[in-house]
Amino acid sequence: MKRTALKAAWVVGHAEGRHCLYRNGTVVVEGEKVLFVGHDFDGDVAETIDFGEALIGPGFIDLDALADLDTTVLGYDNHPPELKGRVWPQSYMQAGPREMYTPEELAFQKRYAFTRLIRNGITTALPIASLFYRAWGETAEEFDAAAEAAADLGLRVYLGPAYRSGNLVVDTDQQVGFHYDEPRGLAGLSEAEAFVARHEDTHGGLIRTMLAPDRIETCTPDLLRRSGAAAREHDVPIRLHCCQSRLEYDLVLQQHGKSPLELLRDTAFFAPATILPHGLFLSGINGVTHDAPDHDILMNSGAALAHCPLVMARGGKVLHSFARFRDLGVTIGMGTDTHPADMIQNMALGVMTARIAEGNPTCVSAADFYDAATLGGAAA
């Protein structure tokens, strides 16, 4: 195969168990393999490409990658969401929710978003999109198209249509409640399992699969239990948005008499590769006064956190804290989750908010977040 040397003013390599920087370094690639990173490669190469004043490094891994035409940016100065048209009203539920995108628009949505991920140095992505404009969950057909788009663009993805057994609804008194349709949620899980069977490890390994139950507050205990069992049976990652808002924590506690992490523990949800965005609201942090062994459950579960600093900061939330979870041995990866799909911006903001959370500028380094965006995502 053709052997190519890539040169740049800065190259990120890996030595003695950690990332390192090579000034005026070289990366040599042959086919799909990286043969060399560093200085003074003594082998033959067919071509040398010098990128000049640039940085070459490993691709970023985005555990919560925007695969949408993002509208959350419109909520930047419009809060709370349930009073600003960002939660389904009861009148809409009574009229019957409907698909607001055509199949062609959904295919474009994914392809366009995938180009933005690649443009920002993200080479492995676990897509996330809003269900606000959907009749219920995502469909296998749109993810068939997403698989083709990712393979065509050369993006490694872990795909799986999102499914749920309930949804938040705002009533005429502006109170947030739920509408449940558990059979619909279980049908979504079955469709997702069939998608896994068709697509896992296809297109030369670029297309992988995952299970993607939507959010913990929109899943019944039975759906959580069956989803965890399915992830273990198929040996694929499972991602569930969890502990991301005070409203979610309180609603789960109100409905089930236990914290979100207690609910996951008691439904045997955790699989070998479990990813939980965003991990902001646990017992004793971010104003949660409910007494639960959330930290112990998280540590014992082996689940990884997907940290998305930008989208959380827009809503006035920060992780308490990156340094605490790192020191507890929790795997932390990074996600973008919103527009722009800028991993470097998320890393920079993550450093700042982590230092603010601890009141200590030395508690985290830029290297911690670079590791999270690469090694942390790989471990997850």
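Considering region 143-159, the residues that are outside any helix (DSSP H, G or I) and not aromatic (Phe, Trp, Tyr) include one that is farthest from the chain's Cα centre (by Cα), namely Gly154.
Within the group Leu328, Leu276, Leu282, which residue is out of contact with any strand residue (DSSP E or B) (no Cβ under 9 Å at 6 or more places or on another chain), at pLDDT 95 or above, aliphatic (A, V, I, L, M) and within 29 Å of Gly75 (Cα to Cα)?
Values: Leu328 fails: within 29 Å of Gly75 (Cα to Cα); Leu276 fails: out of contact with any strand residue (DSSP E or B) (no Cβ under 9 Å at 6 or more places or on another chain).
It is Leu282.
Against the numbered list (1) on the phi > 0 side of the Ramachandran plot; (2) within 19 Å of the chain's Cα centre (by Cα), Gly316 comes up short only at (2).
Test Gly205 against the criterion of being over 27 Å from Leu66 (Cβ atoms) and in contact with a strand residue (DSSP E or B) (Cβ under 8 Å, 6 or more places away or on another chain), and give yes or no. No.
Among residues of region 146-187 being touching a His at 6+ places or on another chain (Cβ under 9 Å) and of a type in the set (A, V, I, L, M, F, W, C), the one that is surrounded by the fewest Cβ atoms within 10 Å (Cβ to Cβ) is Ala151.
Is it true that Ala65 is at pLDDT 95 or above and in contact with a Leu (Cβ under 6 Å, 6 or more places away or on another chain)? Yes; evaluated as a whole, the condition is true for this residue.
The values are calculated or read from the model by the stated rules, or taken from the named source; none is laboratory data. Please read all numbers here as calculations on a predicted model, not as lab measurements. All Cβ positions, even for glycine, are placed from backbone atoms using ideal geometry, and neighbour counts span all protein chains on display.
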